[in-house]
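Bear in mind these aren't lab numbers, they're just calculated from the coordinates by the rules spelled out. The structure presented is a predicted model; accordingly, all values stated were derived computationally and were not measured. Neighbour counts are summed over all protein chains in view; Cβ atoms, including those assigned to glycine, are modelled from backbone coordinates with ideal geometry.
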Amino acid sequence: MDLNLRNAVIANVSGNSKEELEATISDAIQSGEEKMLPGLGVLFEVLWEKSPESEKEEILTTLENGLK
């Protein structure tokens, strides 16, 4: 992923409230547009990097179960 895109996504959502972040994520998913996927990927990257190991295990379990 292009570093400029990553920085742009982070800049666009930095300082957003939980409600605003939820709206951004929900809108991206509901739109179904492929162009939204990189932004969701950047948000997932932030989540992954900031999560402790126990939460990473929970995320992986959720993903595994969701992909069955």
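Remarks
- With Cα atoms, 0 to 90° folded angle of helix 3-13 axis to the chain main axis: 90
- Kirkwood estimate for the stretch 3-66, i.e. one over the average of 1/r between Cα atoms, Å: 12.8
- Toward the positive end of the charge dipole of the chain, with +1 on the Cβ of Lys and Arg and -1 on the Cβ of Asp and Glu, the farthest Cα among Ala28, Pro38, Leu60 is that of Pro38.
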